[in-house]
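**Student:** Next up is a structure, given as structure tokens.
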Amino acid sequence: MTQNLKAHMLIFIATILIAFSFIISGKISGLINPISLTLLRFVLAFTVLLPFILLSKKYRNKIKQSFSKGLKISLFYSLYFILLFKALEYTSALNTSTLFTLVPLLTAIFASFIFNDKLNILKLSIYLLGMIGTVIVIFDGSLEAIIKLTFNSGDIIFLFAVVSMGIYSISAKYFYEKDDEVLVLTLMTLFGGIIWMSLALIIFDIPFEWMKLERENIYYMLYLSIGATLFTVFLYQKATIVIGPNKVMAYVYLNPAIVAFIMFIYENELINLNMLIGILISVFATILLLKENKKL
């Protein structure tokens, strides 16, 4: 199996893990402040990974050189979550989901400047196609709901979150050097996330309230911390190094489709014809982007 194929498999697994996280997050939303909840995710993920790093001399020796890189990478990753949760105080999840479709395009624009990856009319058209397909899925295929979509101040906040996510995807490639250990870089990214999210709690005067989580919520938190945070940060970092941020972010268009299929299987939520068309468009656009984007 080639390195490229492995990277694509890793990012597809990460996409599935993230899709499940949307559903699981809904089960514990509202219990405590989401910024505090995200900090807990980082803390648990860091705690799980730390012993594996400390037990290996090879990994321990890389901690110092990876610290500043992880701090920079995690800044944009953390900023995305902070801005997302602040935006949701003023806008809807539908609006943020719609605006999130801009991430692959913004990543491509940033990559054209940072990595000299040319962005032509064909690529722009494919990104637009992917956005259309994803939006159709998000709105359950309802043209009326799409037409009625209105934007507000919360959406402006979330646009900055989208920019942060685009920069995060670029930074995962930009700051990596050949002698870095991805596992150690993942640990330092999580540690950086703890620092930035802790600062957010102080700035916005948010209490921890972790004790409000009941026993049944612990399993959800373990998944969000290990599956949707630790594994995905590692998988994204690993894949971005090999295939570049453009191809990694192309998988964003598959998120709503995978969530829809999961909900269909586990919650018996039906997929209507319009949604199915949107899913097919998203998948088609993703395939085209993976073929068009050159390895960075």
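The values are calculated or read from the model by the stated rules, or taken from the named source; none is laboratory data. Computed from a predicted structure; not experimentally measured. With ideal geometry, Cβ positions are generated from the backbone for all residues, glycine too; neighbour counts draw on all protein chains shown. Ligands, DNA and RNA are excluded from the accessible area calculation, which covers all protein heavy atoms including side chains. Shrake-Rupley method; radii C 1.70, N 1.55, O 1.52, S 1.80 Å.
**Student:** GNM, the chain, Cα, under 10 Å: largest mean-square fluctuation among Ile136, Ile147, Ile23?
**Tutor:** Maximum among the listed residues: Ile147.
**Student:** Also, I was wondering about something else. Determine, at each q value in 0.15 (inverse angstroms), the log₁₀ of I(q)/I(0) that the Debye formula gives when each Cα of the chain is one equal point scatterer.
**Tutor:** -1.27
**Student:** In whole Hz, with x marking every Gly and Pro, tabulate ³J(HN,Hα) for the stretch 102-107 from phi via Karplus 6.51 cos²θ - 1.76 cosθ + 1.60, θ = phi - 60°.
**Tutor:** Once θ is set to phi - 60°, the couplings for the stretch 102-107 become 6, 4, x, 5, 4, 4 Hz.
**Student:** Taking θ as phi - 60°, what are the ³J(HN,Hα) couplings along the stretch 267-278 by the Karplus curve (6.51, -1.76, 1.60), each to the nearest whole Hz, with x for Gly and Pro?
**Tutor:** Karplus-based 3J(HN,Hα) across the stretch 267-278 equals 10, 6, 7, 6, 9, 7, 4, 4, 4, 4, 4, x Hz.
**Student:** Could you compute the longest span of the chain free of trypsin sites (Lys or Arg not before Pro) located in DSSP loops and having at most 16 other Cβ atoms within 10 Å, not counting the site residues?
**Tutor:** 1-117
**Student:** Between Thr47 and Ile146, what is the spin-label point distance in nm, taking each point 7 Å from the Cα along the Cα→C-beta axis?
**Tutor:** Taking the simple label geometry, Thr47 and Ile146 are separated by 4.5 nm.
**Student:** Hey, can you find the accessible area per residue of the chain for me, probe 1.4 Å, expressed in square angstrom?
**Tutor:** So the chain comes to 49 Å² accessible per residue, rounded to a whole number.
**Student:** Work from the charge dipole of the chain (Cβ charges, +1 for Lys and Arg, -1 for Asp and Glu, about the Cα centre) and give the residue of Ser153, Asn274, Phe113 farthest towards its positive end.
**Tutor:** Phe113
**Student:** Based on the alpha-carbon gyration tensor of the stretch 125-203 and its eigenvalue square roots a ≥ b ≥ c, which shape applies: rounded if a/c is under 1.5, prolate if not and a/b is larger than b/c, or oblate?
**Tutor:** Since a/c reaches 1.5 but b/c is at least a/b, the shape of the stretch 125-203 is classed as oblate.
**Student:** Hey, another quick one. Taking 0.36 nm per residue of sequence separation and subtracting the Cα-Cα distance, how much length would be gained by fully extending the chain between Thr2 and Asn272, in nm to one decimal? Write out the running numbers ahead of the final one.
**Tutor:** On the way: separation 270, 0.36 × 270 = 97.20 nm, distance 3.75 nm.
Length difference between fully extended and current span is 93.4 nm.
**Student:** Any idea what % of Cα-Cα pairs in the stretch 1-153 are farther than 29 Å? Intermediate values should be presented prior to the final figure.
**Tutor:** Numbers: 4008 of 11628 pairs.
Value for the stretch 1-153: 34 percent of Cα pairs lie more than 29 Å apart.
**Student:** Compute from the Cα atoms of the stretch 63-174 the Rg and the Dmax, the latter being the longest Cα-Cα distance, and quote both in angstrom.
**Tutor:** 15.8, 54
**Student:** Roughly how many percent of the accessible protein surface of the stretch 139-235 is carbon and sulfur, given a 1.4 Å probe and a whole-percent answer?
**Tutor:** Details: 3450 of 5060 Å².
Carbon and sulfur: 68 percent of the exposed surface of the stretch 139-235.
**Student:** Oh, and also: Hey, got a sec? Which GluC sites (Glu not before Pro) in the stretch 144-234 land in a DSSP loop and have at most 11 other Cβ atoms within 10 Å?
**Tutor:** Qualifying residues, ordered by number: Glu177, Glu214.
**Student:** Mind checking which of Ile32, Ile157, Ile218 has the largest fluctuation in a GNM of the chain, springs on alpha carbons under 10 Å?
**Tutor:** Ranking Ile32, Ile157, Ile218 by mean-square fluctuation puts Ile218 first.
**Student:** Now for a separate question. What share of all Cα pairs of the stretch 62-107, in percent, falls into each consecutive 5 Å distance bin?
**Tutor:** Binned Cα distances yield the sequence 5, 17, 19, 20, 15, 10, 8, 5, 1.
**Student:** Explain nothing, just compute: Karplus ³J(HN,Hα) = 6.51 cos²θ - 1.76 cosθ + 1.60, θ = phi - 60°, for every residue of the stretch 253-265 in order, whole Hz, x for Gly and Pro.
**Tutor:** Once rounded to whole Hz, the list reads 5, 8, 4, x, 5, 5, 4, 4, 5, 5, 5, 5, 6.
**Student:** Could you tell me what percent of the accessible area of the stretch 1-118 is made up of carbon and sulfur, with a 1.4 Å probe and every protein chain present?
**Tutor:** The nonpolar share, carbon plus sulfur, comes to 70 percent.
**Student:** Return the tail of the calculated pair distribution for the stretch 1-76, meaning the percent of Cα-Cα pairs more than 18 Å apart. Walk me through the numbers on the way to the answer.
**Tutor:** Details: 1830 of 2850 pairs.
The answer is 64 percent, as a whole percent.
**Student:** Over the chain, what is the mean sequence separation of C-alpha contacts under 8 Å (at least six apart), divided by residue count, expressed as relative contact order in percent? Intermediate results must be reported in sequence, preceding the final value.
**Tutor:** Working: 414 pairs, mean separation 117.9, N = 296.
RCO, the chain: 40 percent.
**Student:** I've got another one for you. Pop a pseudo-label 7 angstrom from the Cα along the beta-carbon direction at both Asp179 and Glu89 and give the gap in nm to one decimal.
**Tutor:** Taking the simple label geometry, Asp179 and Glu89 are separated by 4.5 nm.
**Student:** Here is a further query. How much length would be gained if the chain were fully extended between Ile203 and Gln65, taking 0.36 nm per residue of separation minus their Cα-Cα distance, in nm to one decimal?
**Tutor:** Numbers: separation 138, 0.36 × 138 = 49.68 nm, distance 2.87 nm.
Between Ile203 and Gln65, full extension yields an extra 46.8 nm.
**Student:** Let me ask something additional. Which residue fluctuates most in the GNM of the chain (Cα springs below 10 Å): Gly193, Gly141, Gly30?
**Tutor:** Gly30
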